[in-house]
1. Which value, in Å², gives the accessible area per residue of the chain when a 1.4 Å probe is used on the protein heavy atoms?
2. Tell me what the chain gives for mean residue ellipticity at 222 nm when only DSSP H runs of n ≥ 4 count, each as -39,500 (n - 2.57), the sum divided by the residue total, rounded to 500 deg cm²/dmol.
3. Which shape class applies to the chain: rounded if a/c is under 1.5, otherwise prolate when a/b exceeds b/c and oblate if not, where a ≥ b ≥ c are the square roots of the Cα gyration tensor eigenvalues?
4. Say R0 is 35 Å: what FRET efficiency, to the nearest 0.05, do TRP116 and ARG73 get from their beta-carbon distance?
5. Report the residues of segment 60-88 in range of a label on LEU47: point 7 Å along Cα→C-beta, backbone N strictly under 19 Å from it.
6. Are there chymotrypsin sites (Phe, Trp or Tyr not before Pro) in segment 62-138 that DSSP marks as loop and that have at most 15 other Cβ atoms within 10 Å, and which are they?
7. Keeping every protein chain in place, order MET112, MET79, MET89 by accessible area at 1.4 Å, biggest value first, i.e. largest first.
8. At most 13 other Cβ atoms within 10 Å plus a DSSP loop assignment makes a site exposed; report the longest stretch of the chain without any exposed GluC sites (Glu not before Pro).
Amino acid sequence: MHRLFTIATRGPGLYEFTDALRDWIAGAPAEEAVLTLFIRHTSASLLIQENADPDVRRDLTEFLHRLVPPSDRPEMRWMTHTYEGPDDMPAHAKAAILPVSLQIPVISGRMMLGTWQGIYLFEHRQAPHRREVMALLR
């Protein structure tokens, strides 16, 4: 069973889509499976992270921004891939250090996530995007 999820983003940050996955899996015939997620982009990532306190999402976004700032900052002028603006190459760098695929066990028709875990698309670009995540349940 597979499905393509489209997630609209409004700029950098974590966009949770755990509930959409949970609803989709609820209709699956498989009691035990592995859910594989793969993002079809090179400037965004996937992440399993805390979903209780929104400060975690804000802090992670700020941490990555400080780790890899925009290429128009003086210390980042060495970046040459700037076709789509100063966030272009930094977004690729962030996606290179974070996962672009995830695997989650599904048992008794439920994802085996921890109590405070959610599944997120991590947008690294400033402009809004429509990101695609391929889900495969086997």
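The values are calculated or read from the model by the stated rules, or taken from the named source; none is laboratory data. Fair warning: this is a prediction, and the values are worked out from it, not measured in the lab. Note that we place each Cβ from the backbone using ideal geometry, even for glycine, and neighbour counts take in every protein chain shown. What goes into the accessible areas is simple: the full protein's heavy atoms, side chains included, and nothing from ligands, DNA or RNA. Shrake-Rupley method; radii C 1.70, N 1.55, O 1.52, S 1.80 Å.
1. 57
2. Working: 3 runs with 33 residues, N = 138.
After summing the helix terms and dividing by the residues of the chain, the value is -7000 deg cm²/dmol.
3. It comes out prolate by the Cα gyration axes.
4. About 0.55, to the nearest 0.05.
5. 60-71, 87-88
6. Numbers: sites: PHE63, TRP78, TYR83, TRP116, TYR120, PHE122; in loops: TRP78, TYR83, TRP116.
For chymotrypsin sites (Phe, Trp or Tyr not before Pro) across segment 62-138 that sit outside H, G, I, E and B with at most 15 neighbouring Cβ atoms in 10 Å, the list reads TRP78, TYR83, TRP116.
7. So the residues, ranked largest to smallest area, are MET112, MET89, MET79.
8. Numbers: sites that count: GLU31, GLU84.
With GluC sites (Glu not before Pro) excluded where exposed in loops, the chain gives 85-138 as its longest stretch.
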